[in-house]
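Structure, as structure tokens:
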Amino acid sequence: MPTFLSDGQYLAIKPESTPGTAVIPTIFVPLVSESMKTVVNHTVDRRMKGNNWKGNDLLRGNRMHEGEIVVLADPDNLGHILNMVMTKGVTSGDATDGYTHPFTVGAGDAYTFEISRGGYAQRYFGVYVEQASIAFPDGQMQVTLSVKTMGQVSVGTLGIAASGAVTTLTFDDTYDIQPNRGLVVGDVIVIGTDELTLTSVDSGGYAVGFTSTSLTYSVGEQIYLKPLSVTNPSLQDPFYLGNCLVGVGADESAATTAAGARSTATEVYDLEIVLKNNLFSQNGSNRFDPVQIIPRTPEAALTLKRLLEDENQQTAFQNRTKQAITIIASGKNIKADFSTKELLTLKFNNVKLIENDNKLEVGELIADQQSFEVLYDESDAQAMDASLVNRTAGTVY
Amino acid sequence: MSKKVKNISGQRLAIPRVGVAQAGEIITVPDGFNNPNFEPVKSGESKESTTQKEAAPKQKEDKKNEAE
């Protein structure tokens, strides 16, 4: 019996041109962990039919596809993460200087995610980010994405027997009445010992086409999506907490100025940023899967730990005083003369303290342990924005 | 069995158990190689790169290991 080690698998992603319409992913993102799953909501068929047992079958329920993806945030994959959470503006720059991507509050792109699960690939399409949590375990920027998706395709069974030279296969409809949804022309599917490269995916929902191949398979034969062969681009280091400067000021301008130098930046010993999209994801008519996924009101929160220096932050907490925070994370130099580098800038224009704890613990320095709510700033006419300089052209997003 | 493919991703890619393919480079990969960053190359269409020649012995070694 074959066995499969997780380390040999992959997460591959790609933005979708049409949200909810799968594409073959080309971008491989090294995983820390994942917990994506399809919640099928099967229920026991409890209809009374003379049996002396709870049930004799399961019935289908509305499905959800969701879970968490954990990755280290290097400058290139962080671009995709921001592109899923925020609205990307026009990219400037070039390969020599690096590309600068601006992001503002707004709907992110839908993506296709594909995860190899050893023997087969599982493709999620219409993937949206419910929440992105940026933290620094071991001092490395790590992002936990909570995602919701519109569907998945992975394995299926043959619905109509195939014999002789055939150009189509028809999937069984036990799982879904559109079982070929999520497959794409160019995909390789495996049935028995045969691999077939798809040349068409029938809009009727059952059949897929390929060049004429001699096949003999009975109804019920298993079919699955063949995992891709992994190809890794030149991986950059993740952003590090040690290369972050956190500026705190009365407004965005003051905070950004403070984040401009080590001498003016605030030393923080723990930092977490949560960006949340509050997705509408609901089952209804049309499909067993979520019919559509739509971002609702966005929100964000910051938590950080800094040593207590004076009573200012406690006063700001009690008085609900507006502050602004700018976080600048630097990476490696991009241009040969070291004049440009990987750079993430997150600006929070109006933050107020939800919590500010000054706990006393034996032998410990007293700290401001702070939780900020990110608020909309009426003067700046925004709550936050982001900018990323990396080596990835804007056309990739 | 092996086949030739061309890196159409526009970037350098490392392929586990095969080697490295520069942008536009043609390399030899195992027959079951399945990746949209590469397109098949018909025989005689273009000369193979040196990188792929380095990769070939590695593939043979892997196959030998698999057989063992």
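Among the residues that make up region A:313-332, is at least one of them under 28 Å from A:Leu72 (Cβ atoms) and of a type in the set (Ser, Thr, Tyr)?
There is at least one residue in region A:313-332 that is under 28 Å from A:Leu72 (Cβ atoms) and of a type in the set (Ser, Thr, Tyr).
So in region A:9-26, with the set limited to residues that are facing another protein chain (nearest Cβ under 10 Å) and touching a residue at least 40 places away in the same chain (Cβ under 8 Å), which one is farthest from A:Pro290 (Cα to Cα)?
A:Tyr10
If you check every pair at least six apart or on different chains, which have Cβ atoms under 7 Å apart with a residue in region B:1-21 that is within 10 Å of another protein chain (Cβ to nearest Cβ) and free of Cβ contacts under 8 Å to residues at least 40 places away in the same chain first and a residue that is surrounded by fewer than 18 Cβ atoms within 10 Å (Cβ to Cβ) and part of a strand (DSSP E or B) second?
From residues that are within 10 Å of another protein chain (Cβ to nearest Cβ) and free of Cβ contacts under 8 Å to residues at least 40 places away in the same chain, the pairs are B:Val5/B:Glu39; B:Val5/B:Pro40; B:Ile8/B:Glu39; B:Leu13/A:Asn232; B:Ala14/A:Asn232; B:Val20/B:Ala14.
Can you pull out the residues in region A:226-284 that are β-branched (Val, Ile, Thr) and within 30 Å of A:Ile189 (Cα to Cα)?
Within region A:226-284, A:Val230, A:Thr231 meet the criteria.
Do you know which residues across region A:164-214 are surrounded by fewer than 19 Cβ atoms within 10 Å (Cβ to Cβ), charged (D, E, K, R) and within 14 Å of chain B (Cβ to nearest Cβ)?
Those that are surrounded by fewer than 19 Cβ atoms within 10 Å (Cβ to Cβ), charged (D, E, K, R) and within 14 Å of chain B (Cβ to nearest Cβ): A:Asp194, A:Glu195.
With respect to A:Ser281, determine if the residue is on the phi < 0 side of the Ramachandran plot and in contact with a Pro (Cβ under 6 Å, 6 or more places away or on another chain).
yes
For region A:215-232, enumerate the residues that are within 25 Å of the chain's Cα centre (by Cα), touching a residue at least 40 places away in the same chain (Cβ under 8 Å) and crowded, with 18+ Cβ neighbours inside 10 Å.
A:Tyr224, A:Leu225, A:Lys226, A:Pro227, A:Leu228, A:Val230, A:Thr231
Would you pick out the residues in region A:95-153 that are of a type in the set (Phe, Trp, Tyr) and under 17 Å from A:Val396 (Cβ atoms)?
A:Tyr99, A:Phe103, A:Tyr111, A:Phe113
So, in region A:336-351, exactly how many residues are among the aromatic types (Phe, Trp, Tyr) and farther than 22 Å from A:Met86 by Cβ?
Residues meeting the conditions: 1.
Among the residues of region A:221-241, is any at pLDDT 95 or above, on the phi > 0 side of the Ramachandran plot and assigned to a loop (DSSP other than H, G, I, E, B)?
no
The values are calculated or read from the model by the stated rules, or taken from the named source; none is laboratory data. This is a predicted model, so every value here is computed, not measured. Virtual Cβ from ideal backbone geometry, glycine too; neighbours counted across all protein chains shown.
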